[in-house]
Every structure is written in C-alpha cells, then in structure tokens.
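*Asks:* Just dropping this structure here.
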Amino acid sequence: MKTHAAILEEIGTPWSVVELDLDAPGEGEVLLEFIASGLCHSDESIRKGSFGNARLPMVGGHEGSGIVRAVGKNVRGIKEGDHVVCSFRPSCGQCDYCTAGESYLCNESVNSLVGCLPGGHFRFHKDGLDLGGNCMLGTFSQYAVVSEISCLVVDKDIPLETLAVLGCAVPTGWGAAVNAAQVAPGDVVVVIGAGGVGLNACQGALHAGAAQIIVVDPVASKLDVAPVFGATAGFTSTEEARDYVKSLRQGGADHVILSAGVGGLAEAGISMLRKGGALTIAALGDPAKYRLDLAISPLVMQNISIRGSAFGTSHIRTDLYKLLDLYRAGRLKLDELVSKTYTLDEINTGFEDLLSGQNLRGVILHGKA
Ligand SMILES: NC(=O)c1ccc[n+]([C@@H]2O[C@H](COP(=O)([O-])OP(=O)(O)OC[C@H]3O[C@@H](n4cnc5c(N)ncnc54)[C@H](O)[C@@H]3O)[C@@H](O)[C@H]2O)c1
Ligand SMILES: [Zn+2]
Ligand SMILES: [Zn+2]
C-alpha cells in the first residue's frame with residue numbers, strides 16, 4: 001500500500017513529505033494507522049545530526065498513537081481495530097532486561113536509529129530503497145508497519161489525539177522524577193528545561209510528593225504555564241535558581257532533573273544540589289558540546305549522585321496504565337501539554353515552533369479517530 005510520510009533525506013535538510021510504499025505486516029508485526037504524533041526534540045536532534053549515527057533516509061517520529069488496521073502472523077494480544085500507544089523503546093518481554101523489569105533497556109532497541117524491525121526487516125520503501133522508522137516506528141507516517149513489541153493496547157475512552165504524548169514525553173519526564181530520581185515527599189526538586197519532557201518531570205515530582213518544584217527555562221511563557229504541571233517557582237537562569245535553592249533550609253535541592261541538552265547545564269545543576277543530592281539527566285545533546293567537566297573529589301565527599309534516565313527508567317507495560325488512570329482521575333495533565341496541532345505538511349513549522357519556544361508539545365494530527 002501507499003502512505004504519506006515525513007522523511008529526513010540528509011542531515012540539516014528540512015523534513016520532506018513524500019509518498020512511500022509500505023509492506024504488509026510480517027510475523028509479529030502490525031499495520032497501524034497513526035492518528036497523532038508528538039514533535040519531540042530528539043527528532044530535531046536527528047535532523048541536525050546530533051545523533052550522528054542515524055541511518056538515512058529515515059521516516060521520522062517516535063511518539064504516536066493509532067489504530068491497528070491489520071495484524072501479521074503470530075501476533076498475540078493485539079487485534080484489528082485496537083487503539084494503541086507506541087512506545088519509543090520496545091519491550092520484548094524476553095531479554096534479560098525485560099525479564100528483570102528494566103524494559104527501558106530492552107535489547108531489541110539496538111536498531112532504534114537504523115529503524116528496521118526485529119529480524120532486520122524494513123517495511124517502508126521509496127523507489128526501491130529501504131527506509132527505517134525512527135525508534136522502529138516512524139510516527140510521521142500516516143500508516144506504518146511496526147513490531148508488536150512497540151505497541152501497548154489502550155481502552156478507547158481516551159481520544160487517540162490525547163494519547164500520542166504517552167509514547168515519549170510523558171513517561172520520559174514523569175519517570176525521571178518517579179522512577180529514576182525517586183523523589184520523596186517533602187523533597188525540593190529543580191527541573192531544568194520546561195519543554196515536553198521537563199513539564200512531565202514536574203508532574204512526576206508533584207505525584208511523588210515534592211514540597212517545592214522549581215523550574216528553570218529562559219522562555220518566560222513556559223514559566224507562566226509550569227504551575228499547571230506542579231511547579232511552585234520559576235527562574236529564567238540557573239544562576240537565579242541557584243541563589244534561591246541555596247537559601248533554603250538544606251542549602252540546596254534534593255534533586256535536579258535535567259531536560260535541556262545544552263552544555264554547562266549539568267554542572268550548573270550539580271551546583272544547586274544539597275549535600276547528598278542527586279542529578280538525574282533525561283536530556284540528550286550533541287556529544288561534542290553536551291559533556292561533563294567536573295572535579296570528582298567534591299562530588300565524592302558530598303555524596304552526590306549523577307544518573308542518566310532512558311525513557312524515564314519506565315517499565316512501560318505497567319507505567320502506561322498508571323499514567324492513564326492518573327489522567328482519568330484528573331491528576332495527569334495531557335490536554336494542557338498539547339499546545340498546538342499541525343497537519344503532516346506543516347511539520348517543519350511545528351519544529352520551528354519547538355525551537356522558538358512557542359510549544360509545550362506540538363502534535364501532528366494525521367486523521368480523525
Ligand atoms: N532520556 C530519554 O529517553 C529522552 C526521551 C525524549 C527526549 N529526550 C531529550 O530530552 C530533552 C528535552 O526534550 P523535549 O522534547 O522536552 O525538548 P523541548 O525543546 O520541548 O524542551 C527543552 C526545553 O529546554 C529549554 N532550554 C533551552 N536552553 C535552556 C537553558 N539554558 N536552561 C534551561 N532551559 C533551557 C527550552 O526553552 C525548552 O523549553 C532533549 O534533549 C531530548 O532529546 C530524552
Ligand atoms: Zn522523544
Ligand atoms: Zn526486551
């Protein structure tokens with residue numbers, strides 16, 4: 001069959017919307033009609049070449065929700081007509097990591113930047129050329145064939161337009177606070193970067209019982225809206241935020257969560273911690289510029305922790321359903337997160353809006369559920 005999709009042909013060029021050929025689903029695969037796809041900074045980083053090893057051309061997009069239109073052989077637990085959220089990290093349920101409850105590290109994610117499905121299959125083609133989908137998905141396509149291990153079936157009470165952001169931004173940010181940092185009641189938490197991931201780190205810190213959630217972002221309009229997601233204070237620079245948290249009883253924050261991939265911010269985050277505090281890093285960035293340069297001894301003597309968090313350290317087959325219940329209870333803000341929607345043809349405008357700070361999360365709407 002044919003599908004329209006936004007692909008990246010070369011590093012640094014805009015996304016181009018083209019027609020592709022799409023295979024039927026093979027064993028363990030499903031054909032999805034994507035309804036919505038979030039615009040995550042990681043796709044922009046691929047476009048800019050910050051994750052230098054992506055295989056191009058590639059169908060972009062790794063945060064999406066859609067409807068199952070066909071299933072291949074031996075697919076269990078997913079049927080035609082089901083609504084699904086796609087997880088940008090697959091969970092095969094069988095590798096050492098999945099069986100240990102660490103599916104955010106699933107071995108099947110090894111080809112995320114190649115984009116082929118398990119078994120090495122490429123299901124998108126253009127003029128005889130094979131194309132992968134970002135994170136084995138390619139949510140910037142109207143239709144895609146994806147592996148069942150990337151899909152989570154959800155009830156139909158919540159619109160698919162609302163659910164796309166659960167494929168990346170929400171679990172990544174929420175889980176950075178809840179699963180990785182393990183924020184505790186009464187904690188002081190600083191979140192650096194109030195984008196799609198950072199605002200969800202605020203929501204996670206709120207649900208975990210933080211007493212103060214201090215947001216840092218140079219875009220003042222993001223600070224204005226951050227209280228909706230739990231923020232209790234906001235600053236446009238790390239220097240101002242540091243002065244504030246250093247004046248607190250414990251002399252610093254219990255946790256700093258980093259969700260902006262800009263050089264110097266990790267060091268700035270560490271400088272805001274109390275003794276025994278922890279920096280949790282969710283952001284990704286250009287490896288040439290986004291690096292750590294620190295004297296180690298003071299970190300040791302102050303018992304400082306630094307950890308990365310992939311996909312919010314989320315065991316998504318459990319966490320997704322908790323997040324849906326929190327949304328149903330009115331405690332997880334998803335509708336407020338989606339600040340603007342776009343058609344597929346408007347994708348480059350969507351990313352310009354991301355970069356100019358106009359969006360909390362922009363979402364492409366492929367069609368109506
Ligand atoms: N760990 C993971 O599994 C994972 C998953 C998804 C995204 N990411 C990464 O998380 C980061 C955030 O993604 P996003 O989609 O939320 O991006 P975004 O662009 O929506 O958010 C980034 C925010 O950082 C702010 N910012 C820029 N410079 C800053 C500075 N100097 N100080 C404070 N804030 C600053 C921006 O204004 C923006 O609000 C990206 O690096 C992305 O690649 C990681
Ligand atoms: Zn993402
Ligand atoms: Zn696995």
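The values are calculated or read from the model by the stated rules, or taken from the named source; none is laboratory data. Computed from a predicted structure; not experimentally measured. Quick reminder, even Gly has a Cβ in these numbers, built from the backbone with ideal geometry, and neighbours come from all protein chains shown. Surface accessibility is based on the protein's heavy atoms, side chains included, excluding ligands, DNA and RNA. Shrake-Rupley method; radii C 1.70, N 1.55, O 1.52, S 1.80 Å.
*Asks:* Can you compute the charge dipole magnitude of the chain about its Cα centre, using +1 on each Lys and Arg Cβ and -1 on each Asp and Glu Cβ, nothing else charged? Give it in debye, rounded to the nearest 20. Walk me through the numbers on the way to the answer.
*Replies:* On the way: 29 positive and 40 negative charges, 178 e Å.
Magnitude of the dipole: close to 860 debye.
*Asks:* Here's a follow-up. Counting only C-alpha contacts under 8 Å and six or more residues apart, can you give the relative contact order of the chain as a whole percent? Write down the numbers at each step before the final one.
*Replies:* Details: 945 pairs, mean separation 66.3, N = 369.
The normalised contact order for the chain reaches 18 percent.
*Asks:* Could you work out [θ]222 nm for the chain from helices alone, using -39500 (n - 2.57) per DSSP H run of at least four and dividing by all its residues? Round to the nearest 500 deg cm²/dmol. Numbers along the way, then the final one.
*Replies:* Values: 11 runs with 84 residues, N = 369.
The helix-only estimate for the chain comes to -6000 deg cm²/dmol at 222 nm.
*Asks:* Turning to a different aspect of this structure: Ordered by residue, what ³J(HN,Hα) values in Hz, to whole numbers, does region 279-295 give under the Karplus form 6.51 cos²θ - 1.76 cosθ + 1.60, where θ = phi - 60° and Gly and Pro are x?
*Replies:* 9, 10, 10, 9, 6, 10, x, 4, x, 6, 10, 9, 9, 9, 9, 9, 6
*Asks:* If you don't mind, there's one more thing I want to ask. Between Asp157 and Lys79, how many nm apart are label points set 7 Å from Cα along the C-beta direction?
*Replies:* Modelled inter-label distance: 2.1 nm.
*Asks:* Normalized C-alpha radius of gyration of region 198-253, against 2.2 N^0.38 Å?
*Replies:* 1.07
*Asks:* Could I ask something else about it? From the P(r) of the chain, could you give the percentage of C-alpha pairs in the tail past 38 Å?
*Replies:* On the way: 9931 of 67896 pairs.
Value for the chain: 15 percent of Cα pairs lie more than 38 Å apart.
*Asks:* Once both labels are modelled 7 Å past Cα along the beta-carbon direction, what's the Ser221-Asp127 spacing in nm?
*Replies:* 3.9
*Asks:* Here's a follow-up. Please list 3J(HN,Hα) in residue order for region 208-224, calculated via the Karplus relation 6.51 cos²θ - 1.76 cosθ + 1.60 where θ = phi - 60°; whole Hz, with x for glycine and proline.
*Replies:* Using θ = phi - 60°, the values come out as 7, x, 4, 7, 9, 10, 10, 9, 10, 7, x, 8, 4, 5, 6, 5, 4 Hz.
*Asks:* Starting from the amide H of Tyr143, placed 1.01 Å from N in the peptide plane, find each other amide H under 5 Å away whose residue is 5 or more places distant or on another chain.
*Replies:* His4, Phe34
*Asks:* Please report the spacing between the Cα centers of region 1-49 and region 257-312 in Å, no decimals.
*Replies:* Here the answer is 32 Å between Cα centres.
*Asks:* Return the lysines within reach of Lys73: Cα separation strictly under 22 angstrom, same-chain partners fewer than 8 residues apart disregarded; answer none if there are no such residues.
*Replies:* Filter leaves Lys2.
*Asks:* In 5 Å bins starting at zero, report the fraction of Cα pairs in region 173-309 per bin as a rounded %.
*Replies:* P(r) for region 173-309, in whole percents per bin: 2, 12, 24, 26, 22, 10, 3, 0.
*Asks:* Show me, for region 55-68, the HN-Hα J-couplings you get by feeding each phi into the Karplus relation (A = 6.51, B = -1.76, C = 1.60, θ = phi - 60°), rounded to Hz, glycine and proline as x.
*Replies:* After applying 6.51 cos²θ - 1.76 cosθ + 1.60, I find 7, 10, x, 9, 7, x, x, 9, 9, x, 9, x, 10, 6 Hz.
*Asks:* Can you work out the accessible area per residue across region 173-309, with the rest of the protein chains kept in place, probe 1.4 Å, in square angstrom?
*Replies:* 41
*Asks:* Given a 1.4 angstrom probe, I'd like the percentage of the accessible area of the chain that is carbon and sulfur, rounded to a whole number.
*Replies:* Within the chain, the accessible surface is 50 percent carbon and sulfur.
*Asks:* I've got another one for you. Under 5 Å between amide H atoms, partner at least 5 residues away or on a different chain: which partners does Met58 have, H built in plane at 1.01 Å?
*Replies:* Amide H neighbours of Met58, under 5 Å, 5+ apart: Leu8.
*Asks:* For the chain, give me the percentage of DSSP beta bridges that are antiparallel, rounded to the nearest 5 percent.
*Replies:* Looking only at bridges with both residues in the chain, the antiparallel portion is about 60 percent.
*Asks:* Over region 173-309, what is the mean sequence separation of C-alpha contacts under 8 Å (at least six apart), divided by residue count, expressed as relative contact order in percent?
*Replies:* Relative contact order of region 173-309: 23 percent.
*Asks:* Starting with the highest mean, order 225-236, 189-200, 46-57 by the number of other Cβ atoms within 10 Å, averaged over the residues of each peptide.
*Replies:* 189-200, 225-236, 46-57
*Asks:* Next question. Taking Cα centroids, how far is region 126-184 from region 190-221 in Å?
*Replies:* Taking the Cα centre of each part, region 126-184 and region 190-221 sit 22 Å apart.
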